[in-house]
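Input: a single structure, listed below in structure tokens.
Readers should treat all values here as calculations from the given coordinates under stated rules, not as data from a laboratory. All values derive from a computational prediction rather than experimental measurement. Neighbour counts are summed over all protein chains in view; Cβ atoms, including those assigned to glycine, are modelled from backbone coordinates with ideal geometry.
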Amino acid sequence: MRRLFFLLVFPFAVQAQSVKDVLHPVYTQQLDGYTANRFNAAYEHRILAQDADRLVNAFKDRHEDRCWQSEFWGKWFTSAVLAYRYHPEPALKAKLSKAVAGLIATQSADGYIGNYADDKHLQQWDVWGRKYCLLGLLAWYDLEGDQQALKAAKRLADHLIKELADKNQLIVKTGNHRGMAASSVLEPVVLLYYRTHDKKYLDFAQTIVQQWETPDGPQLIGKSKTDVSERWPLPGPGKWYGWDQGQKAYEMMSCYEGLLELYRVTGNETYKQAVINTWENILQTEINAAGSGSAMECWVKGNRLQSLPLKHYQETCVTATWIKLSQQLLRLTGEARYADAVEKSFYNALLGAMSADGSDWAKYTPLNGVRMPGSEQCKMGLNCCVASGPRGLFTLPSTAVMSSDSGCQVNFYLPGAYEIPLPKKNSARIAMQTTYPVDSVIVITVAPRNAATFAVNLRIPEWSEQTRLTINGEPVTALKTGSYVRLLRRWQPGDNITLTLDMRGRILRNNDYIALSRGPILLSRDIRLGGPDQGMPVLPVRPGYISLQPKTATTSNIWMQWQANFVMESYKEGGSGATTLTFCDYASAGNTQDETSLFRVWMPVVVDPTIASRP
């Protein structure tokens, strides 16, 4: 499948902005290698295979009072637009065109698009579904410049504004999760303002944020320095998924995505800081070794609990939205910590949720246990996570290498070639040859069409303590982990950069359990790989580095395998020697979607009472 192309990106989203992004997506690319295979699988078997007519038909029966059928069209459509930007296949273009025309045909004379009964409007997931319709319509407008799609989006937003006013209804008192589900419509409302410059949409956006901070609202700004798991009292029995639950992870982050868009328009630093505060708190208290989190779809201080069995752990909707929120902050600031977070989540939690053929996505992905497909929701033939997974996945191709005012920034080392624009009608081809993260070496060829001076910024991951970098064989020093090295020079066609990252095995610790990681990859045991029972404890090992030896992966659908030696608790008085354990990458572990493929990330450690201070 050929992937080298150029897409015209309509600049509507820039014109009304007060704050400009530091980085810009690059849609001219040709990817290859393992990750390209994963993109292609999802493209063929999830995006193209979706029955779009079924998603549209949900809007023709308006008797709903509680379910969320109206989210599925917009989720699929926005991920399909991203997939089309990655590879503009005519079959997908035709499918998108038909799907958007079908949705617009369901719009009522008053502007409503949805499936709720007339007397149930604004309840449960009604506004949430309208949000996804708006996002889809605007994505199509950006792709094609289709005025009919923009007109439909305006009518849909106008109807919502009028309906709330006519019913004297606060948006934070509609729907679920302290109004976060409904008020996450903030994001497309601001995007609509970008494209129309109609102040009523900006006013509506500001009204939503003002309502957040009322006693009835989720107080997403005022509570931004409070742990996300402690912002509200836990709801009573039977109310976990109702209005009282203010720790709902997916909906909370969706609101913050909208707040960042409002920041871009207004330049209000309070908005940006609220998002950064919350993002940092999520990273420190919730995000696990696989790069995601949540239990029962809510924030629960999951970082400290990740080695324990947690019910309905690591929802894929949360994983995809964490990636999207982090991508937003990366685009806005250019800071390495956001790219580090995306990379960990992408290679582990996100790819781990995706089935081997790319057609399905697990709803929950534990760190110990089995990985199972989710159940159908709302009689739609899929569930929210099957719809969400590709929305995170297809953010990666256009953000691996991004353009900037001074040149380009390499965020993710996905093998392939990228074309970046340069001043004076010049351009440069950035080609990466690597099997990273299997291998530690990335060779980057910089080939401007005409020799030019510009910057190439390379991310040095936060885990790479021993990094080597050369340009045309000459070493570059003063490299700092968790940051970008700026290579500003006059680049000639064919200049080469060689980056070697620190891929030593690392030992992680959580409670009385240890796990292994290598580069961005979390490792796991898998029952298919054999060895001692997964529940057997190992003797204490202090955090640090461990020798890993590669092993050829012969088991079906396993990407990479490594071996390490541990001393197991033998329960013999004299103890026993080292045992070689085989590990695979977390994304491959148990990824057969049946109850027999047990896997384990966190290995129990023997509690030794003779050690005064346990590590």
Problem set entry | Greater than 26 Å apart at Cα, pairs in LYS154/LYS223; LYS93/LYS199; LYS95/LYS324 | LYS154/LYS223; LYS93/LYS199
For this session: May I ask you to order 307-316, 380-389 by the average number of other C-beta atoms within 10 Å around their residues, highest value first?
Result: 380-389, 307-316
For this session: Just report the Cα centroid separation between segment 21-36 and segment 487-502, whole Å.
Result: 18
Exercise. With charges only on Cβ, +1 for K and R and -1 for D and E, what is the dipole size of segment 403-500 about its Cα centre, in debye, rounded to 20?
Worked result: 400
Problem set entry | Compactness relative to 2.2 N^0.38 Å, alpha carbon Rg of segment 505-604 | 1.05
Seminar exercise, completed: Which of [x] 37; [y] 47; [z] 67 is the computed percent of Cα pairs over 36 Å apart? It is [x]
For this session: Of the options GLY74, ALA149, GLY482, report the single residue whose Cα projects farthest towards the positive end of the charge dipole of the chain (beta-carbon charges: Lys, Arg +1; Asp, Glu -1).
Result: GLY482
For this session: Report the FRET efficiency, 1/(1 + (r/R0)^6), for GLU44 and SER556, where r is their Cβ-Cβ distance and R0 is 22 Å, rounded to 0.05.
Result: 0.70
Problem set entry | Integer Hz, Karplus 6.51/-1.76/1.60 couplings in order for segment 351-366, x for Gly and Pro | 5, x, 7, 7, 5, 4, 8, x, 8, 9, 9, 5, 6, 10, 10, x
Problem set entry | Charge dipole (debye, nearest 20) of the chain; +1 at Cβ of Lys and Arg, -1 at Cβ of Asp and Glu | 1020
For this session: Specify the angular offset, from 0 to 90 degrees and rounded to the nearest 10, of the alpha carbon long axis of helix 336-345 from the longest principal axis of the alpha carbons in the chain.
Result: 80
For this session: Can you tell me the relative contact order of the chain? Whole percent, Cα pairs under 8 Å, sequence separation 6 or more.
Result: 13
For this session: Report, to the nearest 10°, how far helix 186-196 tilts away from the longest principal axis of the Cα atoms in the chain, using its own Cα long axis and a range of 0 to 90°.
Result: 60
For this session: Write down Rg/Rh for segment 20-128, rounded to two decimals, with Rg from the C-alpha atoms and Rh from the Kirkwood relation over Cα pairs.
Result: 1.07
Seminar exercise, completed: Contact order relative to length for segment 505-604, counting C-alpha pairs under 8 Å separated by 6 or more residues, stands in percent at 36
For this session: Could you tell me what fraction of 2.2 N^0.38 Å the Cα radius of gyration of segment 95-193 comes to, as a two-decimal ratio?
Result: 1.03
For this session: For segment 145-168 and segment 397-416, write down the distance between their C-alpha centroids in whole Å.
Result: 36
For this session: Sort by residue number and name the cysteines in the chain that have no neighbouring cysteine Cβ under 4.7 Å.
Result: CYS133, CYS255, CYS298, CYS317, CYS384, CYS385, CYS408, CYS584
Exercise. With point charges of +1 on the Cβ of Lys and Arg and -1 on the Cβ of Asp and Glu, referenced to the Cα centre of the chain, which listed residue (LEU350, SER375, SER229) lies farthest in the positive direction of the dipole?
Worked result: LEU350
Seminar exercise, completed: segment 208-264 and segment 517-565 have their Cα centres apart by a whole-number Å value of 39
Exercise. Along the charge dipole of segment 403-500, which of VAL441, VAL456, PRO493 sits closest to the positive end, that is, farthest toward it, with unit charges on the beta carbon of Lys, Arg, Asp and Glu (+1, +1, -1, -1)?
Worked result: PRO493
Problem set entry | Most to least packed among 338-350, 441-453 [average Cβ atoms within 10 Å] | 338-350, 441-453
Exercise. Antiparallel DSSP bridges in the chain: what percent, to the nearest 5?
Worked result: 95
Exercise. Given charges of +1 on the Cβ of Lys and Arg and -1 on the Cβ of Asp and Glu, with all other atoms neutral, how large is the dipole of segment 53-150 about its Cα centre, in debye to the nearest 20?
Worked result: 280
Exercise. ARG542 versus THR453, label points 7 Å from Cα toward the beta carbon: distance in nm?
Worked result: 5.0
Exercise. Using the alpha-carbon atoms, what tilt in degrees (0 to 90, nearest 10) does helix 72-86 show relative to the longest principal axis of the chain?
Worked result: 60
For this session: Return the long-range amide H neighbours of GLY505 (sequence gap of 5 or more, or a different chain), with a cut-off of under 5 Å between placed amide H atoms.
Result: ILE546, LEU548
